[in-house]
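What follows is one structure encoded as structure tokens, with my remarks underneath.
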Amino acid sequence: SGDKTHVLFNLQLGEKLYYEQQLIEDMRIAIEMAQFELYFQPQMSLSSEKIIGAEVLIRWQRNGQWISPSEFIPLAERAGLIDKLGDWILYTACQKAKNLVSLGWNDLVIAVNISPLQFGRKDFLSKVTKVLKDTGLKAKNLELEVTEGVIIYNENEAIETLAQLKKLGVHLAIDDFGTGYSSLSYLRKFNIDKLKIDQSFIQDIEHQAADQSIVRTIIELGRNLELKVIAEGVEGPEQLELLASMGCDEIQGFYFSHPLPEQDFIDFVKHQRSP
Ligand code: C2E
Ligand code: MG
Ligand code: MG
Ligand code: MG
């Protein structure tokens with residue numbers, strides 16, 4: 001593997017490569033046949049205690065077994081499949097969001113995860129524009145979640161794309177905030193709406209003073225920069241209490257709801273909204 005280093009091929013390595021290759025082949029077929037599903041995880045405003053929208057999360061059942069997106073999305077990126085898969089996710093999410101809006105939910109915001117590779121394509125802006133036009137979804141009903149990784153590819157282009165998306169009227173959120181390697185200076189240059197505090201800071205927040213300090217600081221940073229702040233991975237009432245006392249705007253997590261299939265999400269919303 002270059003520069004006087006070598007790797008011994010062993011059976012385990014072979015097995016892993018074989019497994020991944022099989023997964024990639026199955027993914028190729030699953031993309032062709034649209035065998036993925038989109039789940040919705042509700043997001044709640046802490047001040048109004050109302051559901052403001054949901055994050056769309058992809059699900060894949062392969063031979064009767066669920067494969068985590070944390071496993072197959074990076075593989076799709078490596079295998080050159082993320083563009084096609086990402087197109088399907090964006091289009092289908094917008095189509096489903098449009099249905100929800102048509103049920104009378106005008107201020108709904110549906111958040112879609114965008115891979116840095118997908119975001120970095122020259123035609124990304126025109127794709128978003130076209131999807132909104134084709135599905136009839138208003139830009140204000142769509143939020144795009146990007147990680148700080150989008151900056152690594154090409155900072156100037158990323159700033160330009162984000163500015164154009166903002167002009168279109170879509171909301172922009174920084175996902176997994178606090179775990180990236182980029183400098184905070186991009187917050188000045190990037191026209192974003194929301195910070196999503198990474199769940200690793202929330203996981204044990206009720207016991208970790210350091211996590212409390214970090215989260216309090218992120219919330220204050222958001223307030224000073226006029227950005228909304230959402231905490232992800234909220235699992236318990238103590239965490240919720242803490243976040244509320246710190247002035248966090250929104251929460252998402254198992255405590256409120258797991259990611260749900262579309263119909264379950266609709267039922268959940270109806271139940272929450274009726275007195
Ligand atoms: P993410 O965007 O940061 O999504 C949040 C993850 O945390 C989701 O995992 C969600 O199910 C999980 N989660 C939500 N609430 C809780 C909680 O209270 N506790 C815990 N422990 N976990 C919680 P999921 O669905 O397995 O997705 C993992 C990652 O895969 C996502 O992280 C995202 O990076 C990627 N991903 C998922 N769907 C998509 C997609 O449609 N497109 C792209 N490009 N990436 C996706
Ligand atoms: Mg996300
Ligand atoms: Mg996240
Ligand atoms: Mg994550």
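The values are calculated or read from the model by the stated rules, or taken from the named source; none is laboratory data. Everything quoted here is computed from the prediction, not taken from an experiment. Ideal geometry is used to build each Cβ from the backbone, glycine not excepted, and the neighbour counts take in all protein chains shown. The area values use the complete protein model at the heavy-atom level, side chains included, leaving out ligands, DNA and RNA. Shrake-Rupley method; radii C 1.70, N 1.55, O 1.52, S 1.80 Å.
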Go through the residues of the range 90-105 one by one and say whether even a single one is within 28 Å of ASP249 (Cβ to Cβ) and in contact with a Gly (Cβ under 8 Å, 6 or more places away or on another chain). yes
May I ask you to list pairs of residues, at least six apart or on different chains, whose Cβ atoms are under 8 Å apart, with the first in the range 248-273 being in contact (Cβ under 8 Å) with a residue 40 or more places away in the chain and the second being more than 16 Å from ligand 4 (Cβ to nearest atom) and among the acidic types (Asp, Glu)? PRO261/GLU37
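Does GLU148 qualify as being modelled with pLDDT of 95 or more, within 29 Å of TYR255 (Cβ to Cβ), in contact with a strand residue (DSSP E or B) (Cβ under 7 Å, 6 or more places away or on another chain) and surrounded by 16 or more Cβ atoms within 10 Å (Cβ to Cβ)?
no
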Residues satisfying the stated conditions in the range 242-275, i.e. open to solvent by 50 Å² or more (accessible area, probe 1.4 Å) and either assigned to a strand (DSSP E or B) or under 20 Å from ASP176 (Cβ atoms) (or both): ASP249, PHE254, TYR255, HIS258
Being more than 16 Å from ligand 1 (Cβ to nearest atom) and at pLDDT 95 or above: is that true of ALA111 here? no
Scope the range 151-183; condition touching a residue at least 12 places away in the same chain (Cβ under 8 Å), open to solvent by 60 Å² or more (accessible area, probe 1.4 Å), within 29 Å of GLY253 (Cβ to Cβ) and part of a loop (DSSP other than H, G, I, E, B); matching residues: THR179, TYR181
Please find, among SER68, SER47, SER1, the residue that is closer than 30 Å to TYR255 by Cβ and at pLDDT below 95. SER47
Exactly one condition in (1) touching a strand residue (DSSP E or B) at 6+ places or on another chain (Cβ under 7 Å); (2) at pLDDT below 95 is not met by ILE202; state its number. (2)
The lone exception for ILE31 - which of (1) out of contact with any strand residue (DSSP E or B) (no Cβ under 7 Å at 6 or more places or on another chain); (2) within 15 Å of ILE110 (Cβ to Cβ) it fails: (2)
Of the residues in the range 8-44, those that are touching a Gly at 6+ places or on another chain (Cβ under 6 Å) and more than 30 Å from GLY247 (Cβ to Cβ) number 0
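Out of the range 114-148, which residues are assigned to a helix (DSSP H, G or I), among the polar types (S, T, N, Q) and within 19 Å of LEU85 (Cβ to Cβ)?
Result: GLN118, SER126, THR135.
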All but one of (1) modelled with pLDDT of 95 or more; (2) closer than 12 Å to PRO116 by Cα hold for GLY169, so report the exception by its number. (2)
Are any residues in the range 238-263 more than 20 Å from the chain's Cα centre (by Cα) and either more than 13 Å from ILE202 (Cβ to Cβ) or hydrophobic (A, V, I, L, M, F, W, C) (or both), and if so, which ones? LEU240, LEU242, LEU243, ALA244, SER245, MET246, GLY247, GLN263
